[in-house]
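J.: Just passing along the structure, written as structure tokens.
The values are calculated or read from the model by the stated rules, or taken from the named source; none is laboratory data. Everything numeric in this text was worked out from a predicted model, so none of it was measured. Using ideal geometry, Cβ is built from the backbone for each residue, glycine included, and neighbour counts are taken over all protein chains shown. Remember, those area values only see protein heavy atoms, side chains included, never the ligands or the DNA or RNA. Shrake-Rupley method; radii C 1.70, N 1.55, O 1.52, S 1.80 Å.
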Amino acid sequence: MEIVVCVKPVPDAETKLRPAPDGRTLDLEGAKFVLAGYDESAVEQALLLKDAVPGSTVRVVSFGPPGRTEEVLRAALALGCDTATLVESPPLAHSADVRSVARALAAAVKKLPHDLVLVGKQSGDSEAGMLPTALAQALGHPGFNGAVELKFDPTQKLFTFGRASEAGLERWECPGPVVLGLQQAGNDPRTAKLQNILKSRRATLDKVSLAELPTLDVAGATAEAFQLPPPRTGAKWIEYKTPEEAATKLVRLLKEEAKVFP
Amino acid sequence: MSRSVLVVGEPRPTGLVPASREAVAAARLAAEGGAVAGVLLGGSPEAVTEFSRGGVTGLWVGSDASYAERRIDRWVPAILAAAKSTESEVIVLASTGFGRELAGALAVAWDAAAATSVTELTPTDEGLFVAMPVLGGRATSKLRLAGPRAVVAIRPNAFGAPAMSGEAAPVESLSAAPPTPTLAGRRVGFEANAASQGPDLSSASIVVAGGRGLRAPENFHLVEELAEALGAAVGASRAVTDAGWKPGTYQVGQTGRSVSPQLYIAVGISGAIQHLVGMMSSRVIVAINSDPGAPIFKIADYGVVGDLFLLLPALTAEVRKARASG
Amino acid sequence: MPDFSLTDDQTSVRDLARKFARTEMAPRAAECDRKSLFPEDIYRKAWELGLMNLNVPTEYGGSGLSLLDQCLIVEELSYGCAGMTTSIIANCLALEPILLGGTPEQKTRFLKPFCASYNLASFGLTEPAGGSDAGALATRATRDGDHYVISGEKCFITNAPNASLFTVFATTDPALRTKGICAFVVPRSTEGVTPGKDEEKMGHRASSTGTVRFDSVRVPVADRLGAEGEGFSIAMRTLDQTRTPIGALANGIAQAAMEHAARYALQRKSFGKPIAEHQAIQIKLANMAQSIHAARLLTWHAAWKIDHGEPATLESSIAKTFASDSAMRVADEAIQVFGGYGYMKEYPVEKLLRDAKLTQIYEGSNEIQRTVIARELLRRYA
């Protein structure tokens with residue numbers, strides 16, 4: 001089976017949250033970029049499928065500025081992905097426009113054999129959750145987001161997965177090629193071994209240059225402001241002598257002060 | 001400058017998803033006095049009534065049962081047909097799981113700028129300015145969606161739904177039959193959520209969530225009783241779902257659901273960052289915990305320190321009393 | 001002159017150790033310390049990730065890292081739990097004699113199967129009657145045809161209760177002092193090898209420590225490392241390699257202590273403001289930071305010299321001594337910053353003091369290190 005995983009470099013959890021000098025985006029000066037969250041699960045799921053179906057190949061693709069994008073591609077290689085493709089992005093792109101990202105990634109994915117394109121359900125920073133279906137649309141493949149319990153039936157060559165709705169869990173089956181946004185992998189993401197980390201540092205990355213991409217309309221959605229909420233000042237403590245007194249006080253506050261009592 | 005806006009209603013068995021009604025409010029802002037049409041695919045008669053009285057100027061209905069499968073290759077062409085008929089420049093959806101799936105596909109298919117989880121919307125001459133929580137609700141990002149077309153999925157509980165009007169807007173049937181699926185994939189089964197009597201966790205306006213502080217699965221009913229009294233959805237911390245007290249669908253946090261209700265009550269949850277990023281954008285947070293040093297209190301608006309086995313029954317009784325007396 | 005900015009390789013290797021220390025080791029550190037537990041699942045995972053046999057070349061199944069890279073890893077691990085780190089890096093110490101004194105055939109025979117799965121080894125030099133005076137060891141090796149017969153007792157041996165392989169030092173003739181010492185590789189399964197029980201220790205309680213008794217243990221001549229009488233040199237050269245990482249281990253403890261103290265100082269209030277705003281506390285924190293920075297640079301410099309094949313007995317002794325004394329001081333001051341809370345077991349800093357103490361004692365006490373430093377120094381002016 002030919003699997004492509006698309007991942008996005010996101011600033012790690014220790015990145016200090018503050019606006020960049022222009023006030024438009026998160027200040028990424030000095031930030032460390034990592035493979036994280038749903039993307040990490042997508043890579044894990046791809047590797048689980050590779051383990052389950054002998055002869056499979058997992059290719060990882062990422063779109064973004066070179067330095068940080070290389071980091072996540074190497075992290076994915078260290079985990080066991082077979083090849084990595086860096087899709088160059090325009091130097092000033094905020095890549096807030098999902099069309100641009102989807103089209104750039106689609107251009108790279110089209111060059112690779114693929115039965116399954118796996119993406120995290122949403123990125124760890126902007127959390128928009130649109131890319132899986134946008135990418136599917138750009139590729140002309142069926143696409144679903146929020147997939148769980150993904151399996152591959154090798155005899156029928158069918159992917160089976162759950163897709164959550166408000167009322168329950170839909171069961172779907174789909175032959176490849178298909179794009180899936182993954183809610184959860186079959187197990188916790190593995191940790192790369194030291195030797196594989198060192199090997200991944202020396203691996204050659206494939207590149208798709210700007211010249212090979214369709215014109216990207218970066219003006220469509222642009223970042224205008226990045227704001228932090230006023231710091232929460234800590235809880236207002238409810239003082240009480242009996243549980244009943246605590247309950248009465250809390251209900252009154254929710255009603256009269258916070259005005260959220262139903 | 002006014003513009004036509006199309007609202008995509010998301011049906012559920014008992015009518016419309018609440019955020020679809022709220023989407024009408026956002027659409028009215030975006031329209032600046034222009035027409036706000038609705039499109040409803042595969043909804044029940046109750047949904048048609050609710051939507052047509054919910055503040056739209058017109059409603060397009062595709063009543064074929066096949067829409068219930070929620071196939072993107074059926075929905076997107078139907079939505080685009082409605083957008084074309086209404087000459088809409090903006091499409092507004094509810095930022096539910098399915099709403100985001102549609103938004104992504106529409107962005108490419110309709111060649112539009114798009115945003116999800118939108119909590120604020122301001123039309124300007126330079127485009128729609130929208131705000132949404134990012135980084136687990138720890139920050140807000142503002143984007144400008146430059147024309148000519150924009151897709152906006154709005155976060156549940158961010159916009160107040162318009163009052164129901166006594167008079168229904170004109171309802172028209174989408175002329176064409178539902179588009180034939182062009183892509184592979186088959187829905188082969190459905191497992192209804194077990195006894196989903198409460199509201200949906202992702203879009204509920206009140207959530208009561210329980211954590212390890214409850215000590216044992218048999219104590220979880222204390223949380224469920226409070227939720228029932230409040231008409232709230234029930235959530236849980238990862239410790240609870242990992243231990244198997246509750247299924248994974250209850251989990252609030254980084255690897256579970258993100259929620260942003262009006263009121264979030266955290267019971268016996270210490271407040272690991274994993275959990276906090278899934279609920280920090282809630283409007284009002286109440287924490288009930290035996291440990292005054294628990295990190296949850298740093299982000300809570302109201303804190304009650306004490307024995308939750310005594311506090312919860314008292315609170316449930318008080319809530320019942322307060323609601324009964326109006 | 002090395003510039004000490006880490007390469008991308010070094011950063012990624014360090015990050016692996018950092019993540020492992022913070023997600024796997026640190027959350028279990030307090031419990032293992034309190035109950036003196038030996039968390040074998042963590043050690044197994046460390047082996048799986050390649051964080052265990054750091055000094056063994058990759059051709060024999062180890063990680064094949066430079067000493068500087070080893071130091072980066074050891075500091076990170078020790079930040080998570082010094083005791084666990086002692087057990088994780090005990091293999092480096094125990095296997096180094098094979099790397100230094102073994103023939104290619106011995107390396108293949110011993111290291112390959114050992115490193116191919118999770119295994120622990122112990123370094124057996126110290127004896128009940130003598131530590132620093134290694135020349136005076138009493139364990140006897142008597143030649144008997146193509147075997148030696150080893151009898152004696154080793155003590156304070158890290159991982160001994162759990163090890164499957166021992167490197168053992170024994171003398172063929174005590175009268176020859178250091179010249180009579182031989183090094184041997186002895187599998188635990190050999191008849192007459194009896195590891196004792198795990199000792200109750202002050203710190204490093206997640207590590208196991210015990211005696212090993214050798215009762216007429218027959219060891220093939222083929223399992224002797226180096227020539228007869230070369231054992232002392234092998235032991236000393238081994239310690240020359242492993243002394244520096246002990247400095248790194250001490251630095252990890254000190255770093256943890258300083259971070260705990262800084263965070264606590266920002267949050268704890270007295271006289272109406274966080275204690276971090278009181279100059280008395282600021283001076284403590286500044287001294288901690290200086291001490292850690294100096295110790296880290298000394299450690300890296302010693303490792304760098306060894307990696308470049310330069311003699312570094314002086315530098316490695318200085319690094320180990322300075323870093324371990326620094327860790328004691330920093331942990332002590334961290335407790336002082338915490339005040340009464342620091343003395344309580346519920347808070348993490350008292351463990352750091354107990355853990356730091358061992359770094360002044362093991363792998364060559366700070367007294368013997370100072371003897372070495374003075375000898376190296378005086379030789380220059382003699």
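J.: What are the ³J(HN,Hα) couplings of segment C:328-335, residue after residue, when phi is run through the Karplus curve with 6.51, -1.76, 1.60 and θ = phi - 60°? Round to Hz, x for glycine and proline.
T.: Once rounded to whole Hz, the list reads 4, 5, 5, 5, 4, 5, 4, 4.
J.: For segment C:107-176, would you read off the P(r) tail past 18 Å as a percentage of all alpha carbon pairs?
T.: Working: 1156 of 2415 pairs.
Result: 48 percent of Cα pairs exceed 18 Å.
J.: Once amide H atoms are placed 1.01 Å from N in the peptide plane, what residues at a sequence separation of 5 or more from residue B:265, or on another chain, have their amide H within under 5 Å of its amide H?
T.: So residue B:265 has HN proximity to B:207, B:208, B:209, B:286.
J.: Using modelled amide H (1.01 Å from N, peptide plane; none on Pro or chain starts), what sits under 5 Å from the amide H of residue B:139, excluding residues fewer than 5 places away?
T.: Amide H neighbours of residue B:139, under 5 Å, 5+ apart: B:134.
J.: Over the Cα atoms of the protein assembly as shown, what radius of gyration and what Dmax do you get, in Å?
T.: Computed over the Cα atoms of the protein assembly as shown, radius of gyration and Dmax are 32.6, 111 Å.
J.: Give me the percent of the accessible area of the protein assembly as shown that comes from carbon and sulfur atoms, probe 1.4 Å, all protein chains in place.
T.: In the protein assembly as shown, the share of accessible area belonging to carbon and sulfur is 53 percent.
J.: If one computes P(r) from the Cα atoms of segment C:233-381, what percent of pairs lie at distances over 21 Å? Provide the component values of the computation, followed by the final result.
T.: Working: 5182 of 11026 pairs.
That tail contains 47 percent of the Cα-Cα pairs.
J.: May I have the convex hull volume per residue, in Å³, for the Cα set of segment A:2-212?
T.: 129 Å³
J.: Does segment A:133-203 come out rounded, prolate or oblate, given a ≥ b ≥ c as the square roots of the eigenvalues of its C-alpha gyration tensor, rounded meaning a/c under 1.5 and, failing that, prolate meaning a/b above b/c?
T.: Verdict is prolate for segment A:133-203.
J.: Excluding residue A:96 itself, what net charge comes from residues whose Cβ is under 10 Å from its Cβ, given Lys and Arg +1 and Asp and Glu -1? Provide the component values of the computation, followed by the final result.
T.: Details: positive: A:24, B:144; negative: A:97, A:224.
Net charge in that neighbourhood comes out at 0.
J.: Taking beta carbons within 10 Å but only from partner chains, what does the mean come to for residues A:240-252? Intermediate results must be reported in sequence, preceding the final value.
T.: Working: counts 5, 0, 2, 13, 7, 2, 9, 13, 5, 3, 11, 6, 2.
Going residue by residue through A:240-252 and averaging, the value is 6.
J.: Pick out, in residue order, every one of the GluC sites (Glu not before Pro) in segment B:87-131 that is DSSP loop and has at most 13 other C-beta atoms within 10 Å; say none if there are none.
T.: Taking segment B:87-131 and a limit of 13 other Cβ atoms within 10 Å, the loop GluC sites (Glu not before Pro) found are B:87, B:126.
J.: Here's something else I'd like to know. Can you list residues from other chains, or at least 5 along the same chain, whose modelled amide H is less than 5 Å from the amide H of residue A:115?
T.: So residue A:115 has HN proximity to A:2, A:3, A:4.
J.: Within 15 Å, Cβ to Cβ, of residue B:54, how many net charges do the neighbouring residues add up to if Lys/Arg are +1 and Asp/Glu are -1? It would help to have the intermediate numbers written out before the result.
T.: On the way: positive: B:12, B:21, B:28, B:53; negative: B:10, B:22, B:46, B:50, B:167.
Here the count lands on -1.
J.: Still on this structure: Considering only C-alpha atoms, what is the centroid distance from segment A:114-165 to segment B:1-70, in Å?
T.: Their Cα centres are 27 Å away from one another.
J.: Moving on. What is the sum of charges around residue C:183, taking Lys and Arg as +1, Asp and Glu as -1, for the other residues whose C-beta is under 12 Å from the C-beta of residue C:183?
T.: Summing Lys/Arg as +1 and Asp/Glu as -1 gives -2.
J.: For chain B, what does -39500 (n - 2.57) per DSSP helix run (n ≥ 4), summed and divided by total residues, give at 222 nm, in deg cm²/dmol to the nearest 500?
T.: Here the helix-only value at 222 nm equals -8000 deg cm²/dmol.
J.: Of A:63, A:78, A:36, which is farthest towards the positive pole of segment A:32-78's charge dipole, taken about the Cα centre with +1 and -1 on the beta-carbons of Lys, Arg and Asp, Glu respectively?
T.: The one lying farthest along the dipole's positive direction is A:63.
J.: How do B:36-44, C:37-45, A:11-19, B:250-258 rank on mean C-beta neighbours within 10 Å, highest first?
T.: Details: B:36-44: 25.1, C:37-45: 16.9, A:11-19: 14.2, B:250-258: 23.1.
Sorting B:36-44, C:37-45, A:11-19, B:250-258 by mean packing, highest first, produces B:36-44, B:250-258, C:37-45, A:11-19.
J.: While we're here: For the cross-link pairs A:193/C:19; C:35/C:197; C:197/C:357; A:32/C:305; A:249/B:321, which exceed 19 Å when the distance is taken from alpha carbon to alpha carbon?
T.: C:197/C:357; A:32/C:305
J.: Tell me which of B:294, B:304, B:258 sits at the most positive position along the dipole axis of segment B:206-324, charges placed on C-beta atoms (Lys, Arg +1; Asp, Glu -1).
T.: B:258
J.: Let me ask something else about it. Whole-Hz ³J(HN,Hα) for each residue in segment C:73-86, computed from phi via Karplus 6.51 cos²θ - 1.76 cosθ + 1.60 with θ = phi - 60°, x for glycine and proline: what do you get?
T.: Along segment C:73-86, the couplings run 5, 4, 4, 5, 4, 5, 4, x, 6, 5, x, 4, 5, 4 Hz.
J.: In sequence order, what are the phi-derived ³J(HN,Hα) couplings for segment B:205-219 according to the Karplus relation 6.51 cos²θ - 1.76 cosθ + 1.60 with θ = phi - 60°, rounded to whole Hz, with x for glycine and proline?
T.: 8, 9, 10, 10, 10, x, x, 4, x, 6, 6, 8, x, 5, 8
J.: Still on this structure, I have one more. Per-residue ellipticity at 222 nm for chain C, helices alone: DSSP H runs ≥ 4 residues times -39500 (n - 2.57), over residue total, nearest 500 deg cm²/dmol?
T.: Dividing the helical sum by the residues of chain C leaves -18000 deg cm²/dmol.
J.: Rounded to the nearest 100 Å², what's the accessible area chains A and B bury against each other, both chains counted, probe 1.4 Å?
T.: Chains A and B together bury approximately 6600 Å².
J.: Roughly how many Å² is the accessible area per residue of segment B:206-324, as a whole number, for a 1.4 Å probe?
T.: Accessible area per residue, segment B:206-324: 36 Å².
J.: Still on this structure, please answer the following. Taking the alpha-carbon set of chain C, what are its Rg and Dmax in Å?
T.: Just the Cα atoms of chain C yield Rg and Dmax of 21.0, 80 Å.
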